[in-house]
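Here the structure is laid out as structure tokens; the discussion comes afterwards.
The values are calculated or read from the model by the stated rules, or taken from the named source; none is laboratory data. Keep in mind that what you see is a predicted model, and the values were worked out from it rather than measured. Every residue, glycine among them, receives a Cβ derived from its backbone with ideal geometry; neighbour counts consider all protein chains shown. The accessibility values were calculated without ligands, DNA or RNA, using every heavy atom of the protein model including side chains. Shrake-Rupley method; radii C 1.70, N 1.55, O 1.52, S 1.80 Å.
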Amino acid sequence: MNYLLLLVGLVLLAVCAEMLTRGSTALAARFRVPEFIVGLTVVAVGTSMPELTVSVLSAAEGNGAMSIGNVTGSNLFNTLVILGVCAVIRPLVFTRENIRRDIPICIGASLALAAVIFGDRTVREAGGSIGRAEGVAMLAAYVAVIIWSIRAARRDAPDARADGGADPAAAKPMSWVSISLLMAAGLSGLIGGGELCLKSAEAIARSWGVSESIIAITIVAAGTSLPELASSISAVAKGKFSMAVGNIIGSNIFNILFILGASSTVHPLTASAITPLDIWMVVGSAVLLLVSASVIGVRRITRAEGAAYLAIYVGYVIMLIK
């Protein structure tokens with residue numbers, strides 16, 4: 001029954017996140033927002049709603065390991081699996097701004113996570129922690145990053161849409177009633193799906209005799225990242241590379257700064273059972289993306305690099321289970 005409930009919860013999260021994303025994208029189109037900004041903000045935030053729901057609910061119940069494990073696992077899945085799969089399907093093209101601005105911001109957020117968790121020597125042996133003060137600082141940093149990124153993206157709009165993607169405003173606008181219904185239904189379903197995932201994942205972890213953090217990093221993280229997977233593959237298939245790349249980079253930044261910031265503000269998080277390997281894998285994957293896009297592939301990720309990303313993730317999961 002717990003496996004069935006987990007599956008139902010994950011499906012509900014994926015469907016409702018898609019509804020919320022469609023409504024949010026239509027709302028952005030109403031205000032004539034460029035494609036890359038939609039990917040970096042609206043789509044990234046919309047597809048990260050499952051992670052937000054699960055992490056905040058976990059924090060409210062004092063389960064910091066589930067919150068942090070969900071975020072670290074989701075970021076790894078986003079970078080190594082989703083971008084890996086997208087690159088295998090069709091080599092990904094990056095803009096100069098992705099390499100000079102967006103990926104470095106993602107690396108900075110990942111390093112901030114490592115600094116916050118492992119910076120306090122008194123709790124290092126217990127796995128580190130994120131207090132309310134750090135959470136508020138992370139939320140403020142997210143707001144600052146998004147404001148700066150939007151302003152910079154507007155200045156660089158011609159290059160940001162170099163992949164030929166159309167401006168969302170070009171499509172026929174969705175009615176205000178449809179937008180409101182999609183967003184309301186999406187948010188409601190996300191809350192219910194998140195609760196199902198949380199309860200069933202905790203029960204499965206107990207039955208397997210493994211820590212909840214491992215379940216969070218693997219099963220829950222992969223499940224809550226299904227919206228990113230679906231939206232990114234769809235964008236790449238249509239040649240909208242800016243939308244796909246902006247979605248993943250934006251989701252990773254949102255996961256760390258906003259989700260963990262909000263979760264730790266609700267209840268301080270203790271990273272019990274979260275190992276240094278998990279945190280530094282998040283940092284390493286962001287650095288790998290920069291090196292891969294700027295040095296190896298030269299503004300692109302090739303199919304061979306995409307396959308290597310997938311192999312790295314498989315190796316990490318095997319190490320984690322062992």
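Structural remarks
- Of all residues in segment 232-288, those satisfying the criterion of being more than 15 Å from Gly69 (Cα to Cα), among the polar types (S, T, N, Q) and touching a Gly at 6+ places or on another chain (Cβ under 6 Å) are Ser242, Asn247, Thr265.
- In segment 9-21, the residues that are farther than 18 Å from Leu57 by Cβ reach residues that are of a type in the set (Ser, Thr, Tyr) and open to solvent by less than 20 Å² (accessible area, probe 1.4 Å) with C-beta atoms within less than 9 angstrom, at least six apart or across chains, in these pairs: Glu18/Thr47; Thr21/Thr47.
- Test: Val136 is β-branched (Val, Ile, Thr), within 30 Å of Met183 (Cα to Cα) and at pLDDT below 85: no
- Residues in segment 67-79 that are out of contact with any Leu (no Cβ under 7 Å at 6 or more places or on another chain) and either part of a loop (DSSP other than H, G, I, E, B) or open to solvent by less than 10 Å² (accessible area, probe 1.4 Å) (or both): 8 in all.
- Only helices (runs of 4 or more DSSP H) whose full extent lies in segment 219-310 are considered here, and the ones with at least 1 residues that are modelled with pLDDT of 90 or more and either crowded, with 23+ Cβ neighbours inside 10 Å or of a type in the set (Asp, Glu) (or both) are 241-253, 260-266, 276-291.
- Every condition in (1) part of a helix (DSSP H, G or I); (2) of a type in the set (A, V, I, L, M); (3) over 13 Å from Leu92 (Cα atoms) holds for Val210 except the one numbered (1).
- Filtering segment 149-189 to residues that are aliphatic (A, V, I, L, M), at pLDDT below 75 and not in a helix (DSSP H, G or I) leaves Ala162, Ala166, Ala171.
- Among residues of segment 100-120, those that are open to solvent by less than 10 Å² (accessible area, probe 1.4 Å) and acidic (Asp, Glu), counted: 1
- Extreme residue, modelled with the lowest pLDDT, among residues of segment 190-218 that are among the hydrophobic types (A, V, I, L, M, F, W, C) and open to solvent by 60 Å² or more (accessible area, probe 1.4 Å): Ile191
- Looking at Ser264, Ser232, just one residue is out of contact with any Pro (no Cβ under 8 Å at 6 or more places or on another chain) and within 19 Å of Ile89 (Cα to Cα), and that residue is Ser232.
- Filter result (touching a Ser or Thr at 6+ places or on another chain (Cβ under 8 Å) and either closer than 13 Å to Ala237 by Cα or part of a helix (DSSP H, G or I) (or both)) within segment 86-97: Cys86, Ala87, Pro91
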